[in-house]
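Colleague: Handing you a structure now.
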Amino acid sequence: MANILTILVFITLYGLSMLGGKKGTVYFITGLILHGGYILYRFFHLGWLPVTERYDILLTMSFCVAISFFYFRKKVDLNLLLETLPLFVIILSLFAVFQPRMDTIDPSMDSVWFFVHLVFLISGYAFFTISSVAGIIYLRKKSVIHETIQYRLSLFGWLLFSFSLIGGSTWFFLTYGSYWLWTAKELWITIAWFYYSFYLHSRMKSSLSGRPAVIIGVLGFPIIIFSYLGVMPILGSPWSQF
Amino acid sequence: MLKFFISIKTYLWVTGIGMGIFLIGSFYIPKNLAIFSGINDMPLVKWLALNNNVLDKLLWIYVLIGIMLLVWISTIICSLDAIIKRTKLRTLVRVLSPQILHIGIFLVILGHGISALSGYKHDVSMTALDSYEVKGFNMKINNMDFFKNPGENSTRWKVFLEIDNNKHTLEVGKPAFYKNVGFFVKSAREKKQLAIIGLIYDPGVVWEIIGAVVFIIGAAGVFHTKFNERLPSGTS
């Protein structure tokens with residue numbers, strides 16, 4: 001219960017930060033400190049990197065997204081940033097609230113490759129999320145710099161996501177003898193990978209560059225969320241913990 | 001023909017259609033588990049041949065193979081074209097990095113293709129101290145250890161396996177490799193002193209590894225280039 005309350009407190013602080021201005025910044029940073037502190041607590045409580053279950057993965061992911069505040073602060077109008085960024089942090093944190101907490105680890109997860117997979121997965125998804133924030137800011141402000149930021153963050157996210165697939169495939173092969181399976185989960189991961197590849201290339205096509213490509217990039221966020229959270233409950237997949 | 005493969009429009013159409021088929025598959029597989037239950041137990045082409053009595057239900061996989069083939073060809077032609085036409089000493093890293101990355105993807109898809117065409121996956125249920133001859137290997141489990149680490153939700157095992165008189169220790173996530181074949185413990189039972197050993201021969205894996213390494217080299221170049229590029233200024 002105390003865990004859920006702590007999450008709800010920093011979610012509330014992120015929510016209050018959307019009021020904007022200096023007060024908003026104070027709320028946001030206070031939420032961020034509490035958020036970071038909670039992840040640190042989970043690390044000591046578990047005794048390993050808190051990335052082995054969805055609950056922790058989503059909280060770490062939302063924390064990485066929240067940290068991008070310091071990157072955006074000098075590039076985006078503060079009020080516009082506080083209207084957009086906290087929303088994504090709240091969405092990811094709220095998803096975490098609804099995940100069961102197990103506090104155990106499967107022996108198969110005790111592998112460097114597994115942690116490589118998850119660390120890159122979290123950072124890749126965080127970059128995709130932040131790129132969507134940049135895309136929304138572009139759609140509202142029409143500044144070319146934000147379109148470029150969205151592109152670069154998506155590119156970095158796509159590379160990190162690819163690294164995570166390399167790590168994940170290696171881990172899966174060493175554990176189960178296959179590096180790819182025909183399951184709904186794997187097919188959706190492939191869709192997410194191709195989707196961002198599609199977006200990165202679409203920007204090179206003159207008829208799609210600018211607003212259409214930005215919208216394609218922003219729509220990547222619901223796709224990664226579905227590929228991560230929606231496939232198992234809606235389509236059914238054997239991988240439920242992470 | 002060359003123009004068709006190096007066009008961005010072609011790539012966008014092909015990946016767009018590919019994503020659509022993956023989407024169909026993601027909904028179709030869970031609803032037809034009776035058909036697809038064995039798809040992960042053998043190379044894809046062999047599985048497709050065994051299931052040609054339900055061809056209408058597998059058409060999407062054939063179309064997907066065609067689409068992946070187009071992506072594969074387009075990736076390599078596009079990269080070679082860029083390397084030949086655009087490489088200059090001054091812009092070497094900037095131009096070459098994404099192409100190296102593309103070649104990495106090309107090799108990974110090649111690995112998938114080889115895995116789909118060849119190799120085998122074979123499971124054998126073995127009891128301790130009994131000898132088995134499987135796929136030309138003489139195998140015997142000499143001993144098995146079972147234990148549970150704190151914080152873990154299930155039992156671990158250590159299987160001491162002899163293959164052609166060579167001793168190997170198999171653990172969770174730590175298979176043994178002998179004569180290009182992987183030996184994996186799929187599951188083990190302490191009471192029955194029984195283990196299911198999976199023999200996996202997958203010639204595509206080596207291409208996957210080479211592809212992954214090439215991809216990482218290309219990605220490092222892309223990171224380097226983009227980190228050093230200045231952001232534009234002004235509004236559109």
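Colleague: Could you please give the count of residues in the range A:24-56 that are assigned to a helix (DSSP H, G or I) and either under 30 Å from A:Pro233 (Cα atoms) or not hydroxyl-bearing (Ser, Thr, Tyr) (or both)?
Modeller: Here the count works out to 23.
Colleague: Another question, if that's okay. Could you run through the range B:130-154 and say how many residues are closer than 18 Å to B:Thr169 by Cβ and touching a residue at least 24 places away in the same chain (Cβ under 8 Å)?
Modeller: 7
Colleague: A further question on this structure: Condition (residue is closer than 30 Å to A:Phe156 by Cβ and surrounded by 13 or more Cβ atoms within 10 Å (Cβ to Cβ)) applied to the range B:125-134: is it met by at least one residue?
Modeller: no
Colleague: Return the pairs, sorted by first residue and then second, in which the second residue is open to solvent by 10 Å² or more (accessible area, probe 1.4 Å) and outside any strand (DSSP E or B), the first residue lies in the range B:176-190 and is more than 12 Å from every other protein chain (Cβ to nearest Cβ), the beta carbons are less than 8 Å apart, and the residues are 6+ apart or on different chains.
Modeller: Between residues of the range B:176-190 that are more than 12 Å from every other protein chain (Cβ to nearest Cβ) and residues that are open to solvent by 10 Å² or more (accessible area, probe 1.4 Å) and outside any strand (DSSP E or B), the close pairs are B:Tyr178/B:Asp164; B:Asn180/B:Pro203; B:Glu190/B:Thr155.
Colleague: Can you pull out the residues in the range B:158-174 that are in a strand (DSSP E or B) and over 16 Å from A:Ile105 (Cβ atoms)?
Modeller: Answer for the range B:158-174, where residues must be in a strand (DSSP E or B) and over 16 Å from A:Ile105 (Cβ atoms): B:Lys158, B:Val159, B:Phe160, B:Leu161, B:Glu162, B:Ile163, B:Asn166, B:Lys167, B:His168, B:Thr169, B:Leu170, B:Lys174.
Colleague: It is to be established whether one or more residues within the range B:130-138 are in contact with a Phe, Trp or Tyr (Cβ under 9 Å, 6 or more places away or on another chain), assigned to a loop (DSSP other than H, G, I, E, B) and polar (S, T, N, Q).
Modeller: no
Colleague: In addition: With A:Trp158, A:Trp171, A:Trp193 as the choices, which residue is touching a helix residue (DSSP H, G or I) at 6+ places or on another chain (Cβ under 7 Å), open to solvent by less than 40 Å² (accessible area, probe 1.4 Å) and over 30 Å from B:Ser7 (Cβ atoms)?
Modeller: A:Trp171
Colleague: Given the criterion more than 21 Å from the chain's Cα centre (by Cα), farther than 16 Å from B:Ile24 by Cα, surrounded by fewer than 22 Cβ atoms within 10 Å (Cβ to Cβ) and facing another protein chain (nearest Cβ under 10 Å), identify the matching residue among A:Gly236, A:Gly210.
Modeller: A:Gly210
Colleague: Still on this structure: When the residues of the range A:196-207 are narrowed to those that are more than 7 Å from every other protein chain (Cβ to nearest Cβ) and modelled with pLDDT under 95, which ends up most open to solvent (accessible area, probe 1.4 Å)?
Modeller: A:Ser206
Colleague: Just to be sure, is A:Phe98 within 14 Å of another protein chain (Cβ to nearest Cβ) and open to solvent by 10 Å² or more (accessible area, probe 1.4 Å)?
Modeller: No, not satisfied.
Colleague: Report, by residue number, each residue of the range B:201-234 that is among the charged types (D, E, K, R) and more than 7 Å from every other protein chain (Cβ to nearest Cβ).
Modeller: Residues satisfying the conditions are B:Asp202, B:Glu229, B:Arg230.
Colleague: Next up: Which of the following residues is within 19 Å of the chain's Cα centre (by Cα), within 24 Å of B:Ile200 (Cβ to Cβ) and not aliphatic (A, V, I, L, M): B:Gly66, B:Gly18, B:Gly38?
Modeller: Criteria check complete, one pass: B:Gly38.
Colleague: Can we say A:Tyr14 is within 23 Å of B:Pro150 (Cα to Cα) and either of a type outside the set (A, V, I, L, M) or in a helix (DSSP H, G or I) (or both)?
Modeller: no
Yes/no matrix, rows are residues, columns are (1) of a type outside the set (Asp, Glu); (2) under 18 Å from the mean Cα position of the chain (by Cα); (3) not in a helix (DSSP H, G or I):
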| position | (1), (2), (3) |
| --- | --- |
| B:Ile196 | yes, no, yes |
| B:Trp207 | yes, yes, no |
| B:Val214 | yes, yes, no |
| B:Ala220 | yes, no, no |
| B:Thr225 | yes, no, no |
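Colleague: Are any residues in the range B:136-172 surrounded by fewer than 12 Cβ atoms within 10 Å (Cβ to Cβ), more than 14 Å from every other protein chain (Cβ to nearest Cβ) and charged (D, E, K, R), and if so, which ones?
Modeller: Hits for the range B:136-172 are B:Asp164, B:Lys167.
Colleague: Name the one entry in B:Ser74, B:Ser115, B:Ser79 that is buried (at least 20 other Cβ atoms within 10 Å of the Cβ), out of contact with any Pro (no Cβ under 6 Å at 6 or more places or on another chain) and within 10 Å of chain A (Cβ to nearest Cβ).
Modeller: After applying the criteria, what remains is B:Ser115.
Colleague: Picking from A:Ser143, A:Ser169, which residue would you name as being facing chain B (nearest Cβ under 9 Å) and in contact with a strand residue (DSSP E or B) (Cβ under 6 Å, 6 or more places away or on another chain)?
Modeller: A:Ser143
Colleague: For residues that are more than 18 Å from A:Thr84 (Cα to Cα) and free of Cβ contacts under 8 Å to residues at least 24 places away in the same chain, scanning just the range A:19-40, find the one that is least open to solvent (accessible area, probe 1.4 Å).
Modeller: Checked the range A:19-40; the qualifying residue least open to solvent (accessible area, probe 1.4 Å) is A:Gly37.
Colleague: What residue, of B:Leu231, B:Leu194, B:Leu199, is of a type outside the set (S, T, N, Q) and surrounded by 19 or more Cβ atoms within 10 Å (Cβ to Cβ)?
Modeller: On inspection, the qualifying residue turns out to be B:Leu199.
The values are calculated or read from the model by the stated rules, or taken from the named source; none is laboratory data. What you see is a predicted model; the values in this text were computed from it and never measured. Neighbour counts are summed over all protein chains in view; Cβ atoms, including those assigned to glycine, are modelled from backbone coordinates with ideal geometry. Only protein heavy atoms, including side chains, enter the accessible area calculation; ligands, DNA and RNA are left aside. Shrake-Rupley method; radii C 1.70, N 1.55, O 1.52, S 1.80 Å.
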